[in-house]
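Chemist: One structure is given below, represented as structure tokens, and several questions about it will come after.
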Amino acid sequence: MSTPSHTAQSTSEEAPAFTLKSVLVGCAGAFSVSAGAAYGTLYLHGSFMALGTSMPGAVFLLFVLGLFINPLLKLIHPRAGLNRRELLVVYIMMVMASPIPTLFVGKFLSAISYPFYYATAENEWRELIHPYLPEWMMVHDFEIARKFYEGGGREEPIPWPVWRAVIWLWLPFITALFLMMVSFMAILRKQWIEHERLIYPLMQVPLSMTEEGKDGDKVSPFFKNPMMWAGFAIPALWGTLHGLYNYFPEIIPVAQDVDPVRMNVPVFRGTQDLYVALRFNIIGFFYFLKTDIAFSLWFFNLLSFCVRGIFGILGVASTETGGAGHAVHDPFLAYQSMGAILVLFLGGMWTARVHLRLVWRKAFRGDDSVDDSDEILSYRAALLTLIVSCMVIVGWLWLAGLPLVYGLAILFLGVVIIFGYSRVVSEGGLSDGSPPVVPAGILVSAVGSSVIGAQGLVVLATTFLWTTGRNFVMVSAANSLRLGEELGKNRRPLFWIIILALVVAVAAAVWMVMLLSHKYGAINLWIWGGGNYGYAEKHIRTPVELYDWGWFNMGLGAAIMGALMAARWLYVWWPLHPLGYVIGPIWIMDHLWVNMFIAWGIKVLVLKYGGVKLYLKTRPFFMGMILGYFTPGGFYLIVDHFTGMTWNVIFWG
């Protein structure tokens, strides 16, 4: 039997989750994910262990813990190891750490010093940007910034007092931002998990890895499944060979590329390239999706690709300069994506209206008929945390110089976009992606840069820090709350576990990025997103009016999204899922669509000829593909540290 015995299930149900052991190991895991990803990605330029929403670093460490360390501890003494709930607590802390190192802290430390190091006579930032940056908000000293970007020498200490002063003044904003995202997901947990029953595809592997077998078993049944190891072997072999090729290109003449299959096919008279790249982890994740979602994701990507191709042939181009697009480069499609994601947000709130009404009644009327005992926060605490956090965020932006109305607007746009992205990940299993648009760009195009003013534009440039990227605390919180379903009825400690993980992750990432930057120079590290002040410079030099076609395309996107949602609600047979329209046009999907097509095709055939029984039997194979894809990258980062090897990328994300 591959399923746990009744006795093992009973034992698991009684086992504690929030123990000193699980918290300490979780802190170590969060530190390793945050500091390790910063070191491995920024300095070694290796595989991206904490870039996308699949969180490879957390998966790899859980694999090592579950297969090697935990069985060894249990062999020493039965109580020395971690039970399933404790393992999930550890994994949750690593999940919460994943968005922090490269996508937040790395960009943050760069953003608060970038405009002073890169100011030149040519870009005139001293005249255009510096007057609008509050002194408390930035590291103004050029010499301090130079040491960060160029390295201060091995013997010279890091000027912590200057950096610490600025970081402490940013701390209220960062704390409010994280609390806003966590509390928002806490309010929606019951709606997403119990009422709508989202499947959270990215959490299927850790849930399976932590399964417990019969009493006395040291290793999870998951690791005893030959089907899993068969799936593991294929990508693990390729990743191992590719790593060896990077070390010994003359001896290992195979596996020369990260992807086993990679080609670009020029189409539409050469105006577009159709990308074909084979990535085993994407096939694995998308095998767990509902077939209509999997179909819609690759269908809408190809549809947007065809639209771009037709535009290229006809010479249709946008005159938009507001920079609204983030992962969607075509302005027309970017604004349609904004309209679609707005309808997704409003539709989500409408669908949750009954639940939200109960939350309100419990929070402010104390309705005893509404039970919130199984939440990580009481509904009153969650709502108050959400409201106060939003007030702090808007107030902080106002103190920095952004007019109040635009502070409210950028917060609303940011919440809508990050909410929509979190929904796509939770329901659609997007393991690598990015929000389609930038809130600041949408706002500038919607009202015009001249209305916002130079001060507002400079502050808006800093919002790229927390509104762009490939992973967010909100996404991690949503996934963590799904894992929290396995921790028993008393989940209140989970909130503090999440906060502790974020504190550890931020501290570890700040320490590692500062250490690496002052030793090797940030200009030699793989840090993204520090240069958004050029965006403010462009619009200060050349103000733009509101973009009429942007409003039109947002309306068009909203109408199409509304029609897709209505069709899905009204017709059971309707084949297109609205999530595909939201995320299909992003550029990352251009590289992933063929894997989604393969996963969808395999699952359709499996269900048609083998039914649910065959699907359940084949699930471990695809979980193995995910693990086999990530594991060589983790092991090679350890090897690369000792050998000094750089740019040994085994996988991209």
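The values are calculated or read from the model by the stated rules, or taken from the named source; none is laboratory data. Just so we're clear, the structure is a prediction, and the values are computed from it rather than from any experiment. Every residue, glycine as well, gets a Cβ built from its backbone with ideal geometry; the counts of neighbours run over all protein chains shown. Keep in mind that these areas ignore ligands, DNA and RNA; they rest on the heavy atoms of the full protein, side chains included. Shrake-Rupley method; radii C 1.70, N 1.55, O 1.52, S 1.80 Å.
Chemist: With respect to the numbered conditions (1) crowded, with 23+ Cβ neighbours inside 10 Å; (2) outside any helix (DSSP H, G or I); (3) hydrophobic (A, V, I, L, M, F, W, C), which one is the sole condition not fulfilled by Leu457?
Modeler: Answer for Leu457: the failing condition is (2).
Chemist: Considering only residues of segment 12-22 that are part of a helix (DSSP H, G or I) and open to solvent by less than 70 Å² (accessible area, probe 1.4 Å), which is modelled with the lowest pLDDT? Talk me through it step by step, then tell me what you get.
Modeler: Initial filter on segment 12-22 (part of a helix (DSSP H, G or I)): 12-14, 20-22.
From the residues that got through so far, the ones that are open to solvent by less than 70 Å² (accessible area, probe 1.4 Å) too are 12, 21-22.
Working: Ser12: 55, Lys21: 97, Ser22: 98.
Of everything passing the filter in segment 12-22, Ser12 is modelled with the lowest pLDDT.
Chemist: I'm checking my understanding of the structure. Among residues of segment 34-62 that are of a type in the set (Phe, Trp, Tyr) and outside any loop (DSSP other than H, G, I, E, B), which one is surrounded by the most Cβ atoms within 10 Å (Cβ to Cβ)?
Modeler: Our first condition is that a residue be of a type in the set (Phe, Trp, Tyr); within segment 34-62, this holds for 39, 43, 48, 60.
In the following step, the residues that additionally are outside any loop (DSSP other than H, G, I, E, B) were identified as 39, 43, 60.
On the way: Tyr39: 21, Tyr43: 21, Phe60: 24.
Here the answer is Phe60.
Chemist: Tell me, which helices (runs of 4 or more DSSP H) lie completely within segment 71-129 with 2 or more residues that are more than 30 Å from Met55 (Cα to Cα) and more than 20 Å from the chain's Cα centre (by Cα)? Please lay out each step first, then the result.
Modeler: On the way: elements: 84-97, 106-111, 114-117, 125-128.
Here the list reads 114-117, 125-128.
Chemist: Can you tell me which residue in segment 281-330 is farthest from Thr631 (Cα to Cα), limited to those that are assigned to a helix (DSSP H, G or I) and small (Gly, Ala, Ser)? Break it down stepwise before answering.
Modeler: Restricting attention to segment 281-330, the residues satisfying the condition of being assigned to a helix (DSSP H, G or I) are 281-286, 291-314.
With small (Gly, Ala, Ser) added as a condition, the list becomes 284, 294, 296, 304, 309, 312.
Details: Gly284: 14, Ala294: 25, Ser296: 30, Ser304: 34, Gly309: 38, Gly312: 41 Å.
Looking at the filtered set, the residue picked out is Gly312.
Chemist: Now for a separate question. Would you pick out the residues in segment 261-295 that are of a type in the set (Asp, Glu) and in contact (Cβ under 8 Å) with a residue 24 or more places away in the chain?
Modeler: Keep residues of segment 261-295 that are of a type in the set (Asp, Glu), which gives 273, 292.
Across segment 261-295, the qualifying residue is only Asp292.
Chemist: Which number in (1) closer than 30 Å to Leu244 by Cβ; (2) over 28 Å from the mean Cα position of the chain (by Cα); (3) in contact (Cβ under 8 Å) with a residue 40 or more places away in the chain marks the one condition that Lys617 misses?
Modeler: Only one criterion in (1) closer than 30 Å to Leu244 by Cβ; (2) over 28 Å from the mean Cα position of the chain (by Cα); (3) in contact (Cβ under 8 Å) with a residue 40 or more places away in the chain is unmet by Lys617, namely (1).
Chemist: Sticking with this one: Looking at Gly216, Gly153 in this structure, which one is modelled with pLDDT under 95, open to solvent by less than 40 Å² (accessible area, probe 1.4 Å) and assigned to a loop (DSSP other than H, G, I, E, B)?
Modeler: Numbers: Gly216 fails: open to solvent by less than 40 Å² (accessible area, probe 1.4 Å).
Answer to the selection: Gly153.
Chemist: Mind listing just one residue for me: the one in segment 175-212 that is β-branched (Val, Ile, Thr) and surrounded by fewer than 19 Cβ atoms within 10 Å (Cβ to Cβ) and, of those, nearest to Ala145 (Cα to Cα)? Spell out the reasoning first.
Modeler: First pass over segment 175-212, keeping only residues β-branched (Val, Ile, Thr): 175, 182, 187, 193, 199, 205, 210.
Right, trim to surrounded by fewer than 19 Cβ atoms within 10 Å (Cβ to Cβ) and you get 175, 193, 199.
Working: Thr175: 25, Ile193: 46, Ile199: 46 Å.
Ranking the qualifying residues of segment 175-212, first place goes to Thr175.
Chemist: Specify which of the listed residues (Trp652, Trp593, Trp647, Trp587) is aromatic (Phe, Trp, Tyr), open to solvent by 60 Å² or more (accessible area, probe 1.4 Å), within 27 Å of Gly347 (Cβ to Cβ) and touching a residue at least 40 places away in the same chain (Cβ under 8 Å). Even if it seems obvious, please write down each step before you answer.
Modeler: Working: Trp652 fails: within 27 Å of Gly347 (Cβ to Cβ); Trp593 fails: open to solvent by 60 Å² or more (accessible area, probe 1.4 Å); Trp647 fails: within 27 Å of Gly347 (Cβ to Cβ).
Only one candidate passes the filter, namely Trp587.
Chemist: What are the pairs, 6+ residues apart or on separate chains, where a residue within segment 114-139 that is without any contact (Cβ under 8 Å) to a residue 24 or more places away in the chain has its Cβ under 6 Å from a residue that is aromatic (Phe, Trp, Tyr) and open to solvent by less than 50 Å² (accessible area, probe 1.4 Å)?
Modeler: As it stands, the answer is Ala119/Trp125, since those pairs meet every condition given.
Chemist: Could you check Leu346 against (1) surrounded by fewer than 18 Cβ atoms within 10 Å (Cβ to Cβ); (2) at pLDDT below 95 and say which number it fails?
Modeler: (2)
Chemist: Go through segment 361-408 and report how many residues are surrounded by 16 or more Cβ atoms within 10 Å (Cβ to Cβ), farther than 30 Å from Leu133 by Cβ and among the hydrophobic types (A, V, I, L, M, F, W, C).
Modeler: So the count comes out to 7.
Chemist: If Arg361 satisfies every condition in (1) free of Cβ contacts under 8 Å to residues at least 12 places away in the same chain; (2) of a type in the set (D, E, K, R); (3) touching a helix residue (DSSP H, G or I) at 6+ places or on another chain (Cβ under 7 Å) but one, which is the exception?
Modeler: Failed condition: (3).
Chemist: Please indicate, with yes or no, whether at least one residue in segment 535-542 is among the polar types (S, T, N, Q) and either out of contact with any Phe, Trp or Tyr (no Cβ under 8 Å at 6 or more places or on another chain) or open to solvent by 50 Å² or more (accessible area, probe 1.4 Å) (or both). Full working, then the answer.
Modeler: If we filter segment 535-542 for residues that are among the polar types (S, T, N, Q), which is where we start, we get 542.
Restricting the remaining residues to those that are either out of contact with any Phe, Trp or Tyr (no Cβ under 8 Å at 6 or more places or on another chain) or open to solvent by 50 Å² or more (accessible area, probe 1.4 Å) (or both) gives 542.
Yes, some residue in segment 535-542 is among the polar types (S, T, N, Q) and either out of contact with any Phe, Trp or Tyr (no Cβ under 8 Å at 6 or more places or on another chain) or open to solvent by 50 Å² or more (accessible area, probe 1.4 Å) (or both).
Chemist: Give me the pairs: first residue in segment 384-399 and free of Cβ contacts under 8 Å to residues at least 12 places away in the same chain, second residue surrounded by fewer than 20 Cβ atoms within 10 Å (Cβ to Cβ), beta-carbon distance under 6 Å, and six or more apart or on different chains, which are they?
Modeler: What qualifies is Trp398/Leu404.
Chemist: Right, something else. Restricting attention to segment 244-280, which residues are in a loop (DSSP other than H, G, I, E, B) and exposed (fewer than 14 other Cβ atoms within 10 Å of the Cβ)?
Modeler: Going through segment 244-280, the residues in a loop (DSSP other than H, G, I, E, B) turn out to be 248-261, 268-271, 278-279.
Once the filter is applied, which keeps residues that are in a loop (DSSP other than H, G, I, E, B) and exposed (fewer than 14 other Cβ atoms within 10 Å of the Cβ), segment 244-280 yields Phe248, Pro249, Glu250, Ile251, Pro253, Val254, Gln256, Asp257, Val261, Arg269, Gly270.
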